[in-house]
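I have placed the structure first, in the form of structure tokens, so that the comments after it can refer back to it.
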Amino acid sequence: MKKLISFLAFFILIMVTGFFGYLYYINSKVENLEKELIKLMSVHTPLKFKIYDKKGDSLFIKVKYYDLENNEIANKNYKIKGKELAFDFYVFTHKSENYAFPYSIFTDQVAPKKGLNIAKDYNSNGFPQIFYFKNIEKKHFEFLLQKYEQILGKNLTFGNDFGNTLHDVKELKQFEINVVYKFIVHSKGGIEVLED
């Protein structure tokens, strides 16, 4: 009987040790993936665009989306009424890092609420592909999945989250036809648009 109890105690000890070892391994792996994500996000270009035509009161735009390793993941053409173009980003903070999701395109003639929803255009089975990198295991980035699900469902909440709009203004400087522009997102804050 003592041998059986000793064996059971030893077996339980091995199981508990194995379980905690597994948890430590998973947590280390997730921590390393998060560090890699943050490093790749420090300066990120999720999209580039150009206005390839202006006809009447409409703008014709080509947008290309990129992952964290600068691989093109999608390109789309859009038509929208207006003369002054604006891109809206939805930004949320997680562990002091800012995650910027390109959200919509609107103009001086199309209100933000009625703008073109572009968040769905970089969707990969519910994951925002602009945050993809080679070693990623998507299941470990639940916070990105949950926030993206809210964005796709247009269920935007603004506690610590905020919007960031970048646009051209007729009186200052407008985006020119057939010039490629890129959005540079800084994970510590700020989004800027530059000529590519």
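Let me check something: with ligands and nucleic acids excluded, how do LEU156, LEU68, LEU194 order by accessible area (1.4 Å probe), largest to smallest?
Descending order: LEU194, LEU156, LEU68.
Ranking request for peptides 125-132, 98-105: highest mean number of other beta-carbon atoms within 10 Å first, then the rest in descending order. Each step should come with its number before you reach the end.
On the way: 125-132: 18.5, 98-105: 22.6.
Highest to lowest by the protection proxy: 98-105, 125-132.
For the cross-link pairs LYS50/LYS182; LYS76/LYS188; LYS95/LYS188; LYS55/LYS76; LYS39/LYS154, which exceed 20 Å when the distance is taken from alpha carbon to alpha carbon?
Over 20 Å apart, Cα to Cα: LYS76/LYS188; LYS39/LYS154.
Which order, highest average first, do 69-80, 175-186 follow once you tally other Cβ atoms within 10 Å for each residue and take the mean per peptide?
Sorting 69-80, 175-186 by mean packing, highest first, produces 175-186, 69-80.
Around TYR90, with a cut-off of 11 angstrom between Cβ atoms, what is the net charge of the other residues, counting Lys and Arg +1 and Asp and Glu -1?
0
Given a cut-off of under 8 Å on Cα pairs at least six residues apart, what relative contact order in percent is computed for segment 23-157?
Relative contact order for segment 23-157 comes out at 18 percent.
The values are calculated or read from the model by the stated rules, or taken from the named source; none is laboratory data. This structure is a prediction, so every number in the text was calculated from the model and none was measured. Cβ sites come from the backbone with ideal geometry, for glycine too, and all protein chains shown count toward neighbours. Each accessible area value is taken on the protein alone, full model and side chains, heavy atoms only, with ligands, DNA and RNA left out. Shrake-Rupley method; radii C 1.70, N 1.55, O 1.52, S 1.80 Å.
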